[in-house]
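Structure first, then comments.
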């Protein structure tokens, strides 16, 4: 049975569109930025981040960032909280968690829209450093390829170090070193288990998990993270009970946050030291956006 000419033409157009999309995606994969430079813990490079109004600002990735934390300086409780919150299989997968992807696809189909990303810490790092937050199949393919390359060339500790130092945790607050001083007025090395879970709870998006507009939501998610941590034997029962009993002390910063959201002051922006002198551009060029 032959299809009507109109139907055949529609199918040809659709097939041509798919071929062109596949070809374009294939070409873009060839020109993905190299990840080898990320392996050097002594290197610093510049990239661009956006504030909550869409304005771009320079950001330094590496030791020349005054808030930079080496992985050895990050408290164990914070590393465990982030892994429990974002990527339970971080140390066993190869950059991509296929089971998480299957669950994400299942959820997205049920909801009829992109709800759950299924991205690992490595995929989030690839997106934050090199890609935009656009939700598309093409971007997810690039994210997948970059994550596999990053996992192949970098150690797990280096991947986690980079992720913890570039993740967005507030209005022009990037990295756990900055976030700890911003919310708790102390270095990240002094974070308690509760405070570590509190910061980890904002990782899906600090606009959604904003402690000043919805503290209850952040605390409830941090409670869930603490339950995951004790269930995975990351913390003891005693540490779990002590963390639940602790109230995160973020009082007195509401006006600061509201002011920052309205117009980020210079003190809240990380300017490259010495006006960027000696800082190499990011491998493959800076991304135009961040976030999950």
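Nothing in this text is a laboratory measurement; each read-out follows from the coordinates by a stated rule. Keep in mind that what you see is a predicted model, and the values were worked out from it rather than measured. Glycine gets a Cβ as well: all are built from the backbone with ideal geometry, and neighbour counts include every protein chain shown.
So the values come out like this:
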{"read-out": "P(r) weight above 23 Å for the stretch 48-264, C-alpha pairs, percent", "value": "47"}
{"read-out": "Relative packing of peptides 156-163, 170-177, 226-233 - highest average C-beta neighbours within 10 Å first", "value": "170-177, 156-163, 226-233"}
{"read-out": "Highest average packing first - 191-202, 121-132, Cβ atoms within 10 Å", "value": "191-202, 121-132"}
{"read-out": "Span from the the stretch 125-173 Cα centroid across to the the stretch 47-102 one, whole angstrom", "value": "8"}
{"read-out": "Percentage relative contact order, the stretch 127-191, counting C-alpha pairs under 8 Å, at least six apart", "value": "16"}
{"read-out": "Taking the stretch 48-264 and dividing mean pair separation by its residue count, relative contact order in percent (alpha carbons under 8 Å, at least six apart)", "value": "21"}
